[in-house]
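The values are calculated or read from the model by the stated rules, or taken from the named source; none is laboratory data. The structure presented is a predicted model; accordingly, all values stated were derived computationally and were not measured. Here the Cβ is made from the backbone with ideal geometry for all residues, glycine too, and neighbour counts use every protein chain on show. With ligands, DNA and RNA removed, areas are computed over all heavy atoms of the protein, side chains included. Shrake-Rupley method; radii C 1.70, N 1.55, O 1.52, S 1.80 Å.
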Amino acid sequence: MPLVLLLIGILPLKNHPIWTGSGGMFSGIKVVGAACAVYAVIHLAKRGRRPQYLGTWQARWLMLFAFLTYSSYMRTGLVFSSMYALGFTSLLLMYFVLVSVIDSPKRLRWAVLAAVASLGWASLYVLREWQQHRGWATGYRGAYVVGDENHFAISAICAIPLAWFMAQRQGPGWERWFLRGCMLLTAVATLLAASRGGLFGLVAAMLFMVFRSPHRGRNFVIVFVLIGVFNIAYPRSPLQRLIHPNVYDSGSETAHLAAWQAGSRMIHEHPLAGIGVGAFRSQMLAYAPAWYDGLPSMAHNAYISVTAEMGVPGLLLFLSILIATFLSLERTYRDKSAPPLITRTAVALQAGLIGVGISISFISAEHHEHLWFIIVMSACLPPLAKAAKVRVARRRRDERPLAVMDQAPASAL
């Protein structure tokens, strides 16, 4: 299990010199991932019971999406498609590992703590880079080790709700303070990284958190202080970038608009099969509007990217995964017989899914690790809730004869 927790901890570090930034086929994260797969197989052999890998609708839609992805790869055979297919394979491997290994509330708790801690760790890199480059004066947003500010924001949107809801349940004092500290650290780093798309997602996720919390008025004030005051006061905040864009921000907006128009044209000309997975950037200029004279770029929108590369069927499957994930989490959240750990994890993942679903409208992150972490974790929760229900029923059944004996009259004994 420590290997799995390490894998979760590495996920947000996209350019780390040890784990993800070097080594090629033998980079740290690949070695850890392979070791986790071996451990999952050993764990399954010891347990002697195979999980229901297709027990949820999001898992079934995921397998169909995987089939379409590999079919598109076989059709195009591009180098970019190979990288795309390998990246998607790693996500399927993560699905296998987590669904196989997270089979008890204790393991779920440690997986959640690892996800929150990993973003707290990644936030320290963001804050250190921002401090080293005098971000308050230069505008540097400190996001190299974590990839860039947009990818970091998506990871943070996954972790912040988990920390919020887990800190409100009964547990060790150190755990609650640890979760709150990581949440505050991650929120500050996210705002300093100043992703504009990330801001929309973060606001949506935190408003959903407030809506699902028992003390809405108080929590709304907390959210406003965390997000509103900073965005108003800090001259390089994501809100200030939206209101007062500099030349780099304006150039980014131009690239976004051109990519969206190019993607729309790709979809219009290839509505069924798309242009092939991983081919958007290489073909972007061929479909870009005449007024655009910049460099080729990604789609800057996950939904456009999926549709342009895999056609309308790809988009429908991708949306089906997201919708099925949300509905599955909602059912788990409303399951009154499930332990608070499971229901709070479900609602936290819901908040993260809403925020990430909005943020990926501004970045081609359909394969982002933490988006798929939410999807995979949603498939882990129903079996845990069902097992908890069985344990409660068995305990009540075992206690019933004892209660009857205690109530029996002395003459009957």
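The phi torsions of the stretch 306-323, fed into the Karplus equation with coefficients 6.51, -1.76 and 1.60 and a -60° offset, translate into couplings of 5, 5, 5, 8, 10, x, 4, x, x, 5, 4, 5, 4, 5, 4, 4, 5, 5 Hz, rounded to whole numbers, with Gly and Pro shown as x. Extension gain for V225-W177 works out to 15.4 nm (0.36 nm per residue, less the C-alpha to C-alpha distance).
Any idea what the relative contact order of the chain is, in percent, if you count C-alpha pairs under 8 Å spaced at least 6 apart? Working shown, then result.
Values: 588 pairs, mean separation 87.6, N = 413.
Over the chain, the number comes to 21 percent.
Taking a ≥ b ≥ c as the square roots of the eigenvalues of the Cα gyration tensor, the stretch 164-223 is oblate, since a/c reaches 1.5 or more and a/b is not larger than b/c. Comparing mean-square fluctuations of A137, A205, A40 from a GNM of the chain with C-alpha springs under 10 Å, the top value falls on A137. Pairs of Cα atoms nearer than 8 Å and 6+ residues apart set the relative contact order; for the stretch 1-155 it is 32 percent.
Each part gets one Cα centre, and for the stretch 169-204 versus the stretch 90-117 those centres are 20 Å apart. Distance between the C-alpha centers of the stretch 256-281 and the stretch 285-331? Whole Å please. Spelled out, the Cα-based centre of one part sits 9 Å from the other. On the principal axes of its alpha carbon atoms, the stretch 97-238 extends 48, 37, 26 Å, with the longest extent given first. Take K106: with every protein chain present and a 1.4 Å probe, its accessible area is about 140 Å².
Let me make sure I get this right: for the stretch 87-165, a, b and c are the square roots of the gyration tensor eigenvalues over alpha carbons, sorted descending. Under 1.5 in a/c it's rounded, otherwise prolate if a/b > b/c, else oblate. Which is it? Note, shape of the stretch 87-165 comes out prolate.
Just flag the trypsin sites (Lys or Arg not before Pro) in the stretch 331-383 sitting in loop per DSSP whose Cβ has no more than 12 other Cβ atoms within 10 Å.
Numbers: sites: R331, R334, K336, R344; in loops: R334, K336.
Here the sparse-neighbourhood loop sites are R334, K336.
Largest GNM mean-square fluctuation across T345, T307, T20, computed for the chain with C-alpha springs under 10 Å, falls on T20.
Order the following by accessible area, largest value first: M266, M1. Probe radius 1.4 Å; ligands, DNA and RNA are ignored. List each step's numbers first, then the result.
Numbers: M266 0, M1 35 Å².
Ranking M266, M1 by accessible area, largest first, yields M1, M266.
Normalising the average separation of contacting C-alpha pairs (under 8 angstrom, six or more residues apart) by the number of residues puts the relative contact order of the stretch 7-66 at 19 percent. Radius of gyration (Cα atoms) of the chain, expressed as a multiple of 2.2 N^0.38 Å: 1.06.
Among the listed pairs K106/K336; K14/K106; K46/K336, which are separated by more than 21 Å between their Cα atoms? Can you show the working numbers first?
On the way: K106/K336 19 Å; K14/K106 28 Å; K46/K336 32 Å.
Among K106/K336; K14/K106; K46/K336, the Cα-Cα distance tops 21 Å for K14/K106; K46/K336.
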